[in-house]
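Readers should treat all values here as calculations from the given coordinates under stated rules, not as data from a laboratory. Computed from a predicted structure; not experimentally measured. FYI the Cβ positions are ideal-geometry reconstructions off the backbone, even for glycines, and counts take in every protein chain you see.
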Amino acid sequence: MEKILLGFEVGSGKPVHMRLHHTVVVGMTQLSGKTTTLEAIISRSGLKAIAFITKRGESGFSKFHFIPPFYIERSDWAYVLSLLEAATREKMKFERAWIIRASKNTKRLREVLENVQALKKKARPDSLSENVYTVLEEYLKMIVPQIEQFSFSSSLDLQEGINVMDLSTMSLEMRSLVIRAVMEHAIQNMDGVIIIVPEAWEYLPQGRNTPVKWYAETFIRKGAAVHDFLFVDTQDLAGIDKAPLRQCDNWILGRQKESHEIDRFRDHIGKHLVSDEEIKSLALGHFYAYLGDVIKKIYVLPADVPENVGVKVAMGELTSEYVKEHFMVKKMDEDEEMYKQRFEDLKEKFDEEVERASNIKAEEKLEEFGKERVQAVIEEAAKQILEIKKQHAEQIKKLKDELAKADELIEKLHHTDEEIKAMEEIKAAFTKLLPTSAPAPMLPAVEGKPIDLEHIEQPISLSHSEQPVKMDTGTDEGKILYAILNLDMTYPKPEGEALGYDLNTIGAEMQEHGWNLGKVMRFVVGSMIKKGILVSQKTRPIKYRLPKYRIIEVEKIGK
Ligand SMILES: Nc1ncnc2c1ncn2[C@@H]1O[C@H](COP(=O)(O)OP(=O)(O)O)[C@@H](O)[C@H]1O
Ligand SMILES: [Mg+2]
């Protein structure tokens with residue numbers, strides 16, 4: 001079990017074996033083949049491995065089993081102290097007394113939190129103990145609800161191969177606690193387990209403590225004796241604490257692009273061995289492997305790929321892309337799915353940021369053009385007041401006209417007797433024309449007075465008058481409206497359907513007229529929606545269209 005096949009030496013095609021030990025694989029995502037390398041090692045080692053999904057949609061392995069997240073809650077003072085150390089970046093030797101007091105007679109962190117809150121109240125303001133309790137309180141407030149929210153398994157039942165825990169819905173702090181609990185449990189109870197630390201820069205960061213980092217050195221020190229190994233899979237080494245990694249015997253270094261990473265790569269294996277150019281162009285599955293004290297350039301043989309195929313790639317007779325295409329089709333699809341997912345996540349974030357940034361920008365811009373704008377607004381307001389006055393006068397005239405009509409009506413209502421008689425006749429003629437109604441159902445005879453029932457229908461009269469919006473393209477709003485109207489003409493809408501356009505489309509149309517509102521556009525569109533001149537459609541990206549029933553008159557000035 002000790003020596004396992006890693007791959008084949010580039011050039012000679014000779015097999016390269018490695019001794020199982022803590023291992024670091026570094027290289028650019030998707031272009032180096034790190035996860036495939038770890039999977040190959042695990043599958044040929046025959047050991048069980050535990051990996052963690054920390055972001056939605058990502059596992060990277062082609063064969064694995066899901067297992068439930070494992071965590072055993074502890075509230076002893078040593079554990080609480082380590083949480084505090086992880087949260088504060090410092091060793092906190094002298095505060096032990098307070099931690100011991102806070103965790104005394106507790107079984108759960110919830111109780112520790114309650115103790116901490118009580119002790120904090122009693123502490124002298126601004127004293128060291130108050131500070132310690134404050135830090136601890138904040139940290140526990142973050143962790144305790146999650147411990148209570150997720151149902152953790154308190155046993156770690158592993159299957160053959162790679163076991164994956166999905167921690168993607170937990171906070172970084174909680175994930176860190178879970179990974180650390182798994183490491184600790186493995187060291188204490190299990191032989192022959194590989195633990196894959198994801199996102200090393202988050203869990204083994206430089207200059208900061210985390211529960212994982214806090215325990216990693218112990219794991220590395222004690223692990224090798226019981227065949228428990230740490231595998232680190234990372235894109236680059238920036239921001240990662242090198243102390244725990246120094247204890248790793250196997251380094252497998254793949255393609256890099258960024259110059260600091262290239263330097264770190266070369267520092268690792270000796271500057272004379274490899275050029276910057278070569279590091280930049282290392283092909284998929286090709287690595288410099290520093291195993292114990294030998295360095296070899298290799299092609300890693302993925303799990304389940306025949307050895308003779310691997311030899312051919314190492315000897316340059318086949319490419320790794322060929323292997324990827326012909327032997328690893330399934331994983332490619334999964335990767336695509338994962339990248340699609342990631343792309344969507346990123347895009348969502350990006351859109352949010354753009355939205356946020358453009359709001360800020362819009363505000364800034366407004367300030368920048370403040371004076372000009374204020375002037376324009378005053379002029380606009382003056383114009384509007386005039387307009388309102390005009391409308392007012394019209395309104396009054398209309399009312400007067402209506403009054404006159406009403407007088408006329410009242411006049412007409414003074415019917416002469418003759419007219420009433422004529423009306424009676426018409427009524428009688430009408431009644432003859434009407435169909436005779438069905439016989440009334442037999443009702444039980446009711447004694448006493450007949451009931452006179454009178455019912456008067458109240459007609460509903462609804463009046464609605466469309467208020468036309470008048471705009472001209474001298475204003476930003478007018479420009480946007482004009483662009484949308486033009487788009488509507490260019491893309492005639494299917495019957496009954498309202499077309500909408502996203503900001504880019506509207507912006508592009510405006511450009512055709514030589515108008516560019518830049519980032520202010522989003523702001524203007526927002527205010528148009530508020531005024532009911534535009535309607536936003538909940539599409540992605542958001543589309544904007546004209547309201548179906550508003551009459552919009554665009555006045556073309558000039559031309
Ligand atoms: N040695 C290899 N030979 C052929 N294809 C490989 C090899 N290593 C990785 N691949 C393919 O390249 C893609 C990226 O591999 P992966 O191991 O997920 O990269 P990373 O973990 O570095 O992002 C996957 O589609 C995988 O199947
Ligand atoms: Mg990977």
With label points set 7 Å from each Cα along the Cα-to-Cβ direction at LYS405 and ARG356, the distance between them in nm comes to 5.7 nm
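Over the Cα atoms of region 77-149, Rg to Rh with Kirkwood Rh, two decimal places?
Working: Rg = 11.2 Å, Rh = 12.1 Å.
Across region 77-149, the Cα-based Rg/Rh ratio is 0.93.
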Less than 15 Å Cβ to Cβ from LEU47, Lys/Arg counted +1 and Asp/Glu -1: what total charge do the surrounding residues give? 0
What pairs from LYS121/LYS141; LYS397/LYS470; LYS389/LYS470; LYS48/LYS242; LYS3/LYS213 go past 18 Å between their alpha carbons? LYS397/LYS470; LYS48/LYS242; LYS3/LYS213
Is the C-alpha gyration tensor of region 469-555 telling us rounded, prolate or oblate? Criteria: a/c under 1.5 is rounded; beyond that, a/b larger than b/c is prolate, otherwise oblate. rounded
Restricting to DSSP loop positions (anything but H, G, I, E, B) with no more than 15 other Cβ atoms inside 10 Å of their own Cβ, which trypsin sites (Lys or Arg not before Pro) remain in region 151-239? ARG208
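Counting Lys and Arg as +1 and Asp and Glu as -1, what is the net charge of the other residues whose Cβ lies under 10 Å from the Cβ of LYS296?
Details: positive: LYS14, LYS297; negative: GLU9.
Result for the local shell: +1.
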Cut-off under 5 Å, modelled amide H: who pairs with PHE229 long-range: VAL193, ILE194, ILE195
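Pull out the extension gain between HIS65 and GLU111, defined as 0.36 nm times the separation in residues minus the alpha carbon to alpha carbon distance; nm, one decimal.
Working: separation 46, 0.36 × 46 = 16.56 nm, distance 3.51 nm.
Here the answer is 13.1 nm.
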